[in-house]
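Peer 1: So that we are looking at the same thing, I have put the structure below in structure tokens.
Every number here is computed from the coordinates shown, using simple stated rules; none is lab data. These numbers were taken from a predicted model, which means no experiment stands behind them. Using ideal geometry, Cβ is built from the backbone for each residue, glycine included, and neighbour counts are taken over all protein chains shown.
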Amino acid sequence: MSGAASSQTNNLEAFWMPFTANRQFKQNPRMFVGAKDMHYTTSDGRQVLDATAGLWCCNAGHSRPKVVEAVQKQVAELDYAPAFQMGHPKAFELAARLAALMPKPLDHVFFTNSGSESVDTALKIALAYQRAIGQGTRTRLIGRERGYHGVGFGGISVGGIVSNRKTFGTMLTGVDHMRHTHDPARNAFSRGIPENGAEYAEDLIRIIQLHDPSTIAAVIVEPVAGSTGVLIPPKGYLERLRQICDDNGILLIFDEVITGFGRLGSPFATDFFGVTPDLVTTAKGITSGVIPMGAVFCASKIYEAFMTGPEHMIELFHGYTYSAHPIACAAALATLDTYEEEGLLTRASELAQYWEDGLHGLKDCPNVIDIRNLGLIGAIELTPIDGQPTKRAFSAFLKAYDDGLLIRTTGDIIALSPPLIISKTQIDEIFEKLRKVLNSID
Ligand code: PXG
């Protein structure tokens, strides 16, 4: 069935699609009807190689047997349990297993249903923690230009993507932003971690001097910024941020919604960079994208600071109806089993060099002005068409889809983040297809 025919039989109008060019899509729909391992199946029966793990989430690949079975079993056994003042065993088992994966002292886990909720949760815990330890004047939150922290009001406030902010009013007050670290003049075509730019961390000092440390609760950054086009932190940058936060009584939050669960070749970016924040936000890969779920990891000192006062009292006035949903917990436990059995949380480290070599092989393609990579993440930045920003990369996306390859684009940047089960042959296939795409678009 052609796209046009299916759009006539199924009315596509009612669904207001998220972060989508609705009118373009509805004229030429691109529909997935199945998925297995590294591939999607389209409504017209084609196989599409998934170079984006869905939306950076299907780290174990698609429709993996253990996860499918666990979800099927759980829905028949315990479909839902109240999340407040009641529990179910898998929630505790999952929290303990997750805590064991994280470096100490990040040993407590608060469950959410998405990355955006994880970010809101972490920001709220940071504010409440400062108040709990007698630092109630610390109410400011610091983010970074070009940061993406989801779409809640907290996340867009600390986030630094102009289009995600400009139409939504004044958002949270008391927020400031550090400079981003992207420096193509010095770092273009860096392989892995760029050499130049540790000094961008000193921008936090400027902000601290402007507002005074006694007003700042927390700093939130993505260790590797994903959505805004894969910005890899310069050598020494994250270490310096940690130092400045420590020196000034400020909590450091890593948003690991993308980097968590093996993307860089270690379970979390905090392991990869050897920098331990006070809070870590996660989602996506926690269930390999199968069921919505997020988790915020908290340092023990933070959890302990709330465990005071009368024991019958609620310590943190925060939570969601679906926090630690039984089906999400079952999916997450089976996902962790799959990651462990197949060594997926470290597999990207074995493939990283091969990935990097293949990706940088596209340097000579038309309009390529930068290539960046880390673990199993890659980005290819294109020169925008004069007066038509984003159009060139969007054409690449459409052409790649027609050629059986799913990529993501943001601005004029192509972002790649395949499932961690990818083979070397499939890595070759991605770059061969991309070469053809880049050579054939305007
Ligand atoms: N933090 C980070 C760092 C993210 O990347 C979120 C929070 C929000 O997660 P939820 O689950 O609320 O969407 C994200 C989400 C892309 C893309 O292609 C990235 C995300 C989502 C959709 C697309 O860059 N990141």
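Peer 1: I'd like the chymotrypsin sites (Phe, Trp or Tyr not before Pro) in the stretch 252-338 restricted to DSSP loop residues with at most 13 other Cβ atoms within 10 Å, sorted by number.
Peer 2: Filter output for the stretch 252-338: F317.
Peer 1: Next up: Assuming a viscosity of 0.692 mPa s and a temperature of 37 °C, what translational diffusion coefficient in µm² per second does Stokes-Einstein assign to the stretch 285-392, Rh being the Kirkwood radius over Cα pairs?
Peer 2: Details: Rh = 18.7 Å.
Taking Rh from Cα pairs, D becomes 176 µm²/s.
Peer 1: If I model a spin label as a point 7 Å beyond the Cα along the Cα-Cβ vector, how far apart are those points for R97 and E13 in nm?
Peer 2: Result for the modelled spin labels: 4.7 nm.
Peer 1: If amide hydrogens are placed 1.01 Å from N in the peptide plane, which non-local residues have theirs closer than 5 Å to the one on A51?
Peer 2: L406
Peer 1: Give me the percent of DSSP beta bridges within the stretch 68-341 that run antiparallel, rounded to the nearest 5.
Peer 2: 40
Peer 1: Hey, got the dipole for the chain? About the Cα centre, +1 on K and R Cβ, -1 on D and E Cβ, debye to the nearest 20?
Peer 2: It works out to roughly 760 debye.
Peer 1: Tell me, what HN-Hα J-couplings in whole Hz come from the Karplus equation 6.51 cos²θ - 1.76 cosθ + 1.60 at θ = phi - 60° for each residue of the stretch 77-90, using x for Gly and Pro?
Peer 2: Here the 3J(HN,Hα) series is 8, 9, 6, 7, 9, x, 8, 9, 6, 9, x, 8, x, 5 Hz.
Peer 1: Now, a different point. Exposure proxy check: E356, E117, E13 ranked by fewest other beta carbons within 10 Å? Numbers along the way, then the final one.
Peer 2: On the way: E356 19, E117 25, E13 9.
Lowest to highest Cβ neighbour count: E13, E356, E117.
Peer 1: Which of the chymotrypsin sites (Phe, Trp or Tyr not before Pro) across the stretch 76-142 are loop residues per DSSP, with 10 or fewer other Cβ within 10 Å?
Peer 2: F84
Peer 1: Related question: Please enumerate, by chain and number, the lysines with C-alpha under 21 Å from the C-alpha of K66, excluding those fewer than 8 residues away in the same chain.
Peer 2: In chain and number order, the partners are K36, K90, K284.
Peer 1: Using Cα positions and a limit of under 16 Å, work out the aspartates and glutamates in reach of K391, with same-chain residues fewer than 8 apart set aside.
Peer 2: Within the straight-line cut-off, K391 pairs with E381, D412, D442.
Peer 1: A further question on this structure: What is the fewest-to-most order of I314, I208, I385 by other Cβ atoms lying within 10 Å of their Cβ?
Peer 2: So the ranking, lowest neighbour count to highest, is I314, I385, I208.
Peer 1: By per-residue mean of other Cβ atoms within 10 Å, what is the highest-first order of 50-59, 95-104?
Peer 2: Per-residue mean Cβ counts within 10 Å order the peptides as 50-59, 95-104.
Peer 1: Here's a follow-up. List the lysines whose Cα lies under 18 Å from the Cα of K104, skipping any in the same chain that are fewer than 8 positions away.
Peer 2: Cα-Cα hits under 18 Å: K301.
Peer 1: While we're looking at this one, here's another question. Got a sec to turn the phi values of the stretch 332-347 into Karplus ³J(HN,Hα) couplings, 6.51 cos²θ - 1.76 cosθ + 1.60 with θ = phi - 60°, whole Hz, x for Gly and Pro?
Peer 2: Karplus values, whole Hz, x for Gly and Pro: 5, 4, 5, 5, 4, 4, 4, 4, 5, 4, 9, x, 6, 6, 10, 5.
Peer 1: Given only helices, namely DSSP H runs of n ≥ 4 each adding -39500 (n - 2.57), what is the per-residue ellipticity at 222 nm of the chain, to the nearest 500 deg cm²/dmol?
Peer 2: Details: 17 runs with 169 residues, N = 442.
That comes out to -11000 deg cm²/dmol.
Peer 1: If you don't mind, another one. Enumerate by residue number the GluC sites (Glu not before Pro) in the stretch 236-322 meeting two conditions: DSSP loop (anything except H, G, I, E, B), and at most 15 other Cβ atoms within 10 Å of the site's Cβ.
Peer 2: Those that pass, being in a loop and sparsely packed, are E311, E315.
Peer 1: How big is the charge dipole of the stretch 229-289 about its Cα centre, in debye rounded to the nearest 20, if each Lys and Arg gets +1 on its Cβ and each Asp and Glu gets -1 on its Cβ?
Peer 2: Approximately 240 debye in magnitude.
Peer 1: Output the peptides 175-188, 16-29 sorted from most to least packed, where packing is the average of other Cβ atoms within 10 Å over each peptide's residues.
Peer 2: Put in order of decreasing packing, that is 175-188, 16-29.
Peer 1: Let me ask something additional. Would you please classify the overall shape of the stretch 110-253 from the alpha carbon gyration tensor, given that a ≥ b ≥ c denote the square roots of the eigenvalues, rounded means a/c under 1.5, and beyond that prolate means a/b larger than b/c while oblate covers the rest?
Peer 2: In terms of gyration-tensor shape, oblate.
Peer 1: Can you give the translational diffusion coefficient of the chain in µm²/s, computed by Stokes-Einstein from the Kirkwood radius over Cα pairs at 25 °C and 0.890 mPa s?
Peer 2: Details: Rh = 22.6 Å.
It comes out at roughly 108 µm²/s.
Peer 1: Set Lys and Arg Cβ to +1 and Asp and Glu Cβ to -1, take the dipole of the chain about its Cα centre, and tell me which of S163, G115, F32 lies farthest positive.
Peer 2: Selected residue: S163.
Peer 1: What are the residues whose amide H is under 5 Å from the amide H of S114, where those residues sit 5 or more places off or on another chain and H is modelled from the backbone?
Peer 2: Here G294 satisfy the definition.
Peer 1: Between K235 and V33, take the C-beta separation as r, use R0 = 51 Å, and let me know the FRET efficiency to the nearest 0.05.
Peer 2: On the way: r = 45 Å, r/R0 = 0.88.
According to the calculation, E is roughly 0.70.
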